[in-house]
Structure formats: structure tokens, C-alpha cells
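Since every read-out is calculated from the coordinates, none of them should be taken as a lab result. Owing to the predicted nature of the structure, the values given are computational and were not obtained by experimental measurement. Here the Cβ is made from the backbone with ideal geometry for all residues, glycine too, and neighbour counts use every protein chain on show.
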Amino acid sequence: MTDDLEQLGSLLSALPPAPEAWVAAAREIPKVGAELDALLRRAAADAELRSKLIEDLESALNEAGIAPTRWAVAEARARLSSF
């Protein structure tokens, strides 16, 4: 088991570092997830907001201060499917 972990560590250390854009995007995921949670809680109680999210998700996210990145849009769509 220890040999496997050491080998894995060696293999991982041989990889080039992740691109900075990937690292920055990964740092944003928890923040955007919390913002989506808050927005969708509001949408659950507000039919007009919910309708806006369904009709033009990207614009609604922008208006809420959430950048409509591919991840944010996909995550919002997935969460909206439960409405």
C-alpha cells in the first residue's frame, strides 16, 4: 500500500502544474455554488424570477451578479430541473 502511494505521488509530481485559469475557476466553484443556492431559494418563492431564469437563464444570472460561465449555466439548469 505504501509503495502504491509513493508511486502515485511520484507520478503526480511529474505532471505539469494545472493552468492558472483552471485553478482560478476551481476557486470560484464554492462561491458561485452559494450564489446559485441563494438565487434559486429566491426563485422558489418568486414566480417572476423563476420564469425569468427558465426563459433566459444567462441574462438572469448576469442580472444576479453571477457570471454565466458554462459551469454556472449547467449547474443552474440542473438545479432548476427540480422546480
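Label point 7 Å out from Glu63 along Cα-to-Cβ: which residues of region 5-46 have amide N under 18 Å?
36-46
Using Cα-Cα distances under 8 Å and only pairs 6 or more residues apart, what relative contact order does the chain have, in percent? Please list the in-between numbers first.
Numbers: 27 pairs, mean separation 19.1, N = 83.
The normalised contact order for the chain reaches 23 percent.
Principal axis extents for the chain, Cα atoms only, whole Å, descending order, please.
Answer, in whole Å and largest first: 58, 26, 16 Å.
Measure off 7 Å from each Cα along the Cα-to-Cβ vector at Met1 and Ala14, then give the distance between these two points in nanometres to one decimal.
Between Met1 and Ala14, the label points sit 2.5 nm apart.
Cα convex hull of region 22-69: how many Å³ per residue? Intermediate values should be presented prior to the final figure.
Working: hull volume 2.9 nm³, N = 48.
Dividing the Cα hull volume of region 22-69 by its residues yields 60 Å³.
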